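Only the coordinates and a few stated rules stand behind these numbers; no lab work does. As the structure is a prediction and not an experimental result, all values here were calculated from the model. A quick note on method: Cβ atoms are made from the backbone with ideal geometry, for glycine too, and the neighbour counts reach across all protein chains shown.
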Amino acid sequence: MSLIDVFGSTPRLRIVRELTRGPMYVSELAETVGMDGATAVHHLAVLEEAGVIEPYRQGNRKYYRLVRSVRLEASPPPERSFVLQASEQPSRSD
């Protein structure tokens, strides 16, 4: 799935926005962005498959965190540019 497809979804953009504040567990994230758990899990799976987020467990909870920076830039003429780019974040230690 291309980055356009991944980020062409308002719910996924909301999830990414929340994860910029720090890791969150699934039910907390679902409640914060206003969706049911099954829908949140679907969107999290798409973001994980794209390599934008990664899960980790702490006790019984499954948390997600951002692992890539994403940049969107769009400029009107005469520059006329459109850039959607994801880059790796430095590796973390848990």
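Data table
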item	result
Computed FRET value (nearest 0.05) for Leu72 with Val41, which takes r as the C-beta separation and R₀ as 30 Å	0.75
Size-normalised alpha-carbon gyration radius of the stretch 3-67, reference 2.2 N^0.38 Å	0.99
Charge dipole magnitude, Cβ of K and R +1, D and E -1 - the chain, Cα centre, debye nearest 20	180 debye
The stretch 6-53: trypsin sites (Lys or Arg not before Pro) in DSSP loop, at most 16 other beta carbons within 10 Å	Arg21
Full-extension gain in nm, Ala86 to Tyr56, via 0.36 nm per residue minus C-alpha separation	8.7 nm
